[in-house]
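Below you'll find the structure, written out as structure tokens, and then a few comments.
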Amino acid sequence: MATLLRLCTAGSVDDGKSTLIGRLLYDAQAVYEDQVRSVTRASRNRTAGPIDFSLFTDGLKAEREQCITIDVAYRYFATARRKFILADTPGHEQYTRNMATGASTANLAILLVDARHGLRPQSRRHAQIARLLGISSFVVAINKMDLVDFDRGVFDRIREEFADCLHGATLQPIPLSALHGDNVTAPSDRTPWYDGPTLVEYLETIDVDRRSATEAFRFPVQLVLRPSHDFRGYAGQILAGTVRVGERVTVWPSGHETTVQRIVTWDGDLDVASAPQSVTLVLADQLDVSRGDVLAVGAPHVASRFEAQIVWMDERPLDTSRVYLLKQTGRTVTAEIDRGLALNEIGAVVVTTARPIVFDSYARHHGTGAFIVIDPASSFTAGAGMIVQPARELVGAMDRPGAAERLAHVARTAATDTDAVTAVRQALEEILI
Amino acid sequence: MPLDHLHALEAEAIQIIREVVAEFERPVMLYSIGKDSSVLLRLAQKALYPGPIPFPLLHVDTTYKFREMIEFRDSYTAGIGARLIVHTNAGAIADGTQPFLVGTQRCCGLLKTRALLDALDAGGFDAAFGGARRDEERSRAKERIFSLRDARGQWDPKRQRPELWHLLNGRLRPGETIRVFPLSNWTELDVWHYIDAERIPVVPLYFAKEREVIVRGDALIALEQGFVPLLPGERPERVMCRMRSLGCSPCTGAVRSTADTVPRIIEELIAARHSERQLRIIDHDLDGSMELKKREGYF
């Protein structure tokens, strides 16, 4: 059974990223002969060796003319062991936005550096963005080794620089020449001092984080399906965890508990389903559940003020006096943000939404901790956000003497779950004021 | 245990389809009768089950499609109870538009792009699903899952919205629409593996058999339309072949093949060294021609 690995690449201009990807595609035979022919033809206009591999990836006419990569491009290749989806992100001025986009769906990042230059400020920045987006596995591809005579000292020095910069992450440094193919698919005899895996070997075998199926269950309702009077199902994709028929789940933000009666799919009912399956759940109780509600085991946060990291992606800067739209899971609400940010800037902010949203910290669950900010005037996706925690004043209030005890008491003495939710909410408001 | 890659792609496509049904007023599914459309249709059935597909299918018929495609279209869509809209640029056909008379670019422009834009306009559709994949062609590799089109249906690659995680921004300004590509992350091989695993019916033209064609360079051209001119020395021949990609019969070349079942097609593809769109004559008009057509409103 072939599994799927999603990865993204980052590197500074001229580090040879497009060349490396072109080489990966070519060696994995994901590039076909007629594409090779059309690229060999076009290569005559440029100076990049016999086959210019970057022409496989630069899709737009302007890119081919200016020899740059404008936008995120997605590439697909497969080996006998694995399928790969690769987000190729450009290394020039728009890189923060594009890097964040590519990294948002990736399990692993390839950081490409030119052996002659080592770790530059931009590489450091790429690494930080990838870390911010939650990537913890990195390949440091030290490219153009042929231009430093495959010098082991150069490799070791760059490897150590990255080890410092990516402290706590899983790191695999590999000495490469993308242009000549050294250590891409086949081990190079020009790096006898390197006994690690080739790039492809490493990508094929690395065990990326697969914890999502064992995490607490999170299921945002995308769509309520009511094809007939006797069927009411909640359609969505399981973002984290596993659900079983007969299991107790809670509907948020209402806090109602119910039991999963059926897990419905076109291929027949299931007894159990896990992330990232798309299923339809039928619940035992008649509850008011709609798009944007979250079915969960355990308690996500429900709040309308929270701290987040935002990557700003719009040329028009973030304006604290404007009201934005915020989309998180299946819910879109209006929101205000307490701090201005310019294009490609990343900042810690406090977001206030008009209605409470159901969330987890991004570090815990990407699916329920991520949001986008939409400019209501242009409808552009202006920001990408990662929730850190409920706003500090909420957290702070909980630390006041007796606050937790009071809430526990209120919850314990309520007659029903619904009463408990109402009473706790009321008590919380009083504590906060 | 992690899902295998086909189930992961399926779950993602279903999520996209449901998101459109939840957020748009009048979605429509472009149905081109090919293998990608067949997969898309199955995914729509799965996404909305146990309900019916709540949106119509739209086929832009140039009138030059293979006969077997039209037969398949009518029987298959009726069989699954889908609502089918067929639209043709009747004016252009009446004017005698055909590729050998006006050139492939103008022919496609009138019978496909113009017809598509008119049909979307007539139906008041705000979202149109398409079966395009990013691995098909290099400008498609930059395409979004929710691809924004302006009031004239045109694509601006420099004005694309960033797409992060699975959070799709479906907000439109007046006149704007989106094209939606749930198969964005699928490859040609994924599509065939899925057709095999799910036993999805496809047009018999995909399977090898002896067909009457003319051999022109590397291309095998069917003779369904009377206007296809024979060059000196060309004669119809019977050749064992199949279609790798379906389009209009005068502009879609067949490939020599003996693959007459889905598993044999998969075997052939794994061994194949030619990309699928090579035999779609229309993409070769000039460098970047797909990008130009997309900018004009093609999907």
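The values are calculated or read from the model by the stated rules, or taken from the named source; none is laboratory data. Since we're looking at a predicted model, the values are computed, not measured. Using ideal geometry, Cβ is built from the backbone for each residue, glycine included, and neighbour counts are taken over all protein chains shown.
Here's a check for you: in region A:300-315, which residue that is touching a strand residue (DSSP E or B) at 6+ places or on another chain (Cβ under 7 Å) and not in a strand (DSSP E or B) is nearest to A:THR214 (Cα to Cα)?
A:PRO300
Just to verify a result, which residue in region A:122-172, among those that are touching a Pro at 6+ places or on another chain (Cβ under 9 Å) and of a type in the set (S, T, N, Q), is surrounded by the fewest Cβ atoms within 10 Å (Cβ to Cβ)?
A:GLN172
Is it fair to say B:VAL39 is over 30 Å from A:GLU215 (Cα atoms), outside any strand (DSSP E or B), aliphatic (A, V, I, L, M) and within 19 Å of the chain's Cα centre (by Cα)? Reasoning before the result, please.
Numbers: over 30 Å from A:GLU215 (Cα atoms): yes; outside any strand (DSSP E or B): yes; aliphatic (A, V, I, L, M): yes; within 19 Å of the chain's Cα centre (by Cα): yes.
Judged against the criteria, B:VAL39 is a match.
At least 1 residues that are within 24 Å of B:PHE146 (Cα to Cα) in each: list the helices (runs of 4 or more DSSP H) lying fully within region A:327-433 that qualify.
In region A:327-433, the matching helices (runs of 4 or more DSSP H) lie at A:366-369.
Within region A:284-322, track down each residue that is within 30 Å of A:VAL424 (Cβ to Cβ), within 14 Å of chain B (Cβ to nearest Cβ) and either more than 22 Å from the chain's Cα centre (by Cα) or among the charged types (D, E, K, R) (or both).
Those that are within 30 Å of A:VAL424 (Cβ to Cβ), within 14 Å of chain B (Cβ to nearest Cβ) and either more than 22 Å from the chain's Cα centre (by Cα) or among the charged types (D, E, K, R) (or both): A:VAL289, A:SER290, A:ARG291, A:ASP293.
Cβ-Cβ under 7 Å, sequence separation 6+ or interchain: first residue in region A:261-284 and not assigned by TED's automatic domain parsing to the domain that holds A:VAL221 and at pLDDT 95 or above, partner aliphatic (A, V, I, L, M) and buried (at least 22 other Cβ atoms within 10 Å of the Cβ). Which pairs?
none
Name the helices (runs of 4 or more DSSP H) wholly within region A:6-110 that hold at least 2 residues that are within 13 Å of chain B (Cβ to nearest Cβ), surrounded by fewer than 24 Cβ atoms within 10 Å (Cβ to Cβ) and at pLDDT 60 or above?
A:17-27, A:95-104
Can you go through A:THR280, A:THR320 and tell me which one is polar (S, T, N, Q) and not in a strand (DSSP E or B)?
Only one candidate passes the filter, namely A:THR320.
Residue check: is B:ILE33 in contact with a Phe, Trp or Tyr (Cβ under 9 Å, 6 or more places away or on another chain) and of a type in the set (Val, Ile, Thr)? Even if it seems obvious, please write down each step before you answer.
Values: in contact with a Phe, Trp or Tyr (Cβ under 9 Å, 6 or more places away or on another chain): yes; of a type in the set (Val, Ile, Thr): yes.
Yes; evaluated as a whole, the condition is true for this residue.
Across region A:242-283, which residue is nearest to the chain's Cα centre (by Cα) among those that are of a type in the set (Gly, Ala, Ser) and within 22 Å of B:LYS46 (Cα to Cα)? Quick ask: steps written out before the conclusion?
Restricting attention to region A:242-283, the residues satisfying the condition of being of a type in the set (Gly, Ala, Ser) are A:246, A:254-255, A:268, A:273-275, A:278.
Next, only the ones that are within 22 Å of B:LYS46 (Cα to Cα) stay: A:268, A:273-275, A:278.
Values: A:GLY268: 31, A:ALA273: 22, A:SER274: 19, A:ALA275: 15, A:SER278: 18 Å.
Looking at the filtered set, the residue picked out is A:ALA275.
Being under 22 Å from the mean Cα position of the chain (by Cα) and not in a helix (DSSP H, G or I), is that true of even one residue in region B:208-218? Spell out the reasoning first.
To start, the set of residues in region B:208-218 that are under 22 Å from the mean Cα position of the chain (by Cα) comprises B:208.
If we keep only those that are not in a helix (DSSP H, G or I) as well, we get B:208.
Yes.
Provide a single number: the residues in region B:75-118 that are more than 19 Å from the chain's Cα centre (by Cα) and hydrophobic (A, V, I, L, M, F, W, C).
9
Identify, please: which residue in region A:255-266 is closer than 18 Å to A:ARG232 by Cα and assigned to a loop (DSSP other than H, G, I, E, B) and is, among those, nearest to the other protein chains (Cβ to nearest Cβ)? Full working, then the answer.
The first filter runs over region A:255-266 and keeps only residues closer than 18 Å to A:ARG232 by Cα, leaving A:256-266.
With assigned to a loop (DSSP other than H, G, I, E, B) added as a condition, the list becomes A:265-266.
Values: A:THR265: 7, A:TRP266: 4 Å.
The residue in question is A:TRP266.
Cβ-Cβ below 6 Å, separation at least six or inter-chain, first residue in region B:140-168 and over 16 Å from A:ARG6 (Cβ atoms), second among the hydroxyl-bearing types (Ser, Thr, Tyr): which pairs?
Going by the 6 Å Cβ cut-off, the qualifying pairs are B:ARG149/B:THR177; B:ARG161/A:THR381; B:PRO162/A:THR101; B:PRO162/A:THR381.
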